[in-house]
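Asker: Dumping the structure here so I can ask a few things about it.
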Amino acid sequence: MKIGANIGSLATPLGNPQNAFILAESGIGPATFVTTLALITLVVLVLTTVVLWSIADGKSMQAVVGVLRMI
């Protein structure tokens, strides 16, 4: 859950203090900020899923797959 929250905050302007600072100082709008970071967030999400998939046992992965199916 904590990993997902951190990945999600990557793409949002107010997800973490660093993003709020970057948004305020960059002069770009929130929509541009989110679309710029959307691809990076997707890549990080996929890489994290692969890593967790590779280190988790079968029972844990069944739980992950169950959560992903709800999305």
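Each value in this text was obtained by applying a stated rule to the coordinates, not by laboratory testing. This one's a predicted model, so the numbers in the text were calculated from it and none came from an experiment. Ideal geometry is used to build each Cβ from the backbone, glycine not excepted, and the neighbour counts take in all protein chains shown.
Asker: Dividing the alpha-carbon radius of gyration of the chain by 2.2 N^0.38 Å (N being the number of residues), what value is obtained? Don't skip to the answer; put the middle values down first.
Answerer: On the way: Rg = 14.8 Å, N = 71, 2.2 N^0.38 = 11.1 Å.
Output field value: 1.33.
Asker: Highest mean first, what order results for 33-39, 10-16 on Cβ atoms within 10 Å?
Answerer: Going by the mean number of other Cβ atoms within 10 Å, highest first, we get 10-16, 33-39.
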